[in-house]
Amino acid sequence: MKKLIVHDSFPRLKVGGVTFTAWHSLLAVGLAGIAYLISNKRKHQAVFKTASLMCKIERNEDSIKLIWPDEGGFYRVFRGQELIYSGPEPRMADQGLTPGTIYTYTIDSLNEKKQAVNRMKIQTSTTAKRG
C-alpha cells in the first residue's frame with residue numbers, strides 16, 4: 001500500500017482564527033480569473049460583431065476586387081493601416097498592386113454615427129506575373 005506524502009512547507013496565514021493555506025490561495029486566484037474573463041467577455045462582445053459572411057474576391061496581377069454582402073450602410077476598407085475606400089457600395093477595386101504579393105484588407109460596416117459595428121478581415125494576394 002502506497003502512502004500519500006503531504007508537503008507542509010507552504011506558508012499558512014492565520015487571520016481572525018481562520019487558517020488560510022496555499023489551496024485557499026489557488027482557489028481565490030482561480031475564482032478571480034473566472035470572474036475577470038466573464039466580465040471582459042461581455043465588454044468585448046459589445047464592441048464588434050465579427051462578420052462571418054463570405055466575400056467574393058477577384059484577383060489579377062495588379063489588382064484585387066472585393067465584393068461583400070450589402071448591409072445597407074456605409075463602408076470603410078483598409079489595406080493594412082491605409083484607408084483605401086469609403087462609401088456606400090459593398091464593393092471595392094484596389095489597383096496598381098505588385099504581382100504575387102499578399103495583402104490584408106479590413107472591411108468595416110458603419111452605423112449612422114460612422115462608428116464601426118461589423119468587421120471582416122481578409123488576406124489574399126495578387127496573381128503571379130506570367131512568363
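The values are calculated or read from the model by the stated rules, or taken from the named source; none is laboratory data. Note that the structure is a prediction, hence the values are computed from the model and not measured. Here Cβ is always computed from backbone atoms with ideal geometry, including for glycine, and neighbour counts include all displayed protein chains. The accessibility values were calculated without ligands, DNA or RNA, using every heavy atom of the protein model including side chains. Shrake-Rupley method; radii C 1.70, N 1.55, O 1.52, S 1.80 Å.
Take the residues in segment 100-131 that are among the aliphatic types (A, V, I, L, M) and within 21 Å of the chain's Cα centre (by Cα), then tell me which one is surrounded by the most Cβ atoms within 10 Å (Cβ to Cβ).
Within segment 100-131, the match that is surrounded by the most Cβ atoms within 10 Å (Cβ to Cβ) is I107.
Residue-by-condition table, conditions (1) open to solvent by 50 Å² or more (accessible area, probe 1.4 Å); (2) in a strand (DSSP E or B); (3) among the charged types (D, E, K, R); (4) closer than 13 Å to T124 by Cα:
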residue: I57; (1), (2), (3), (4): yes, yes, no, yes
residue: E61; (1), (2), (3), (4): yes, no, yes, yes
residue: I64; (1), (2), (3), (4): no, yes, no, yes
residue: E89; (1), (2), (3), (4): yes, no, yes, no
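So which of E71, E82 ends up being more than 30 Å from R130 (Cα to Cα), open to solvent by 30 Å² or more (accessible area, probe 1.4 Å) and not aromatic (F, W, Y)?
Step by step, each of E71, E82 is checked, and only E71 is more than 30 Å from R130 (Cα to Cα), open to solvent by 30 Å² or more (accessible area, probe 1.4 Å) and not aromatic (F, W, Y).
Determine whether Q95 is free of Cβ contacts under 8 Å to residues at least 24 places away in the same chain and in contact with a Ser or Thr (Cβ under 9 Å, 6 or more places away or on another chain).
Spelling it out, it is not the case that Q95 is free of Cβ contacts under 8 Å to residues at least 24 places away in the same chain and in contact with a Ser or Thr (Cβ under 9 Å, 6 or more places away or on another chain).
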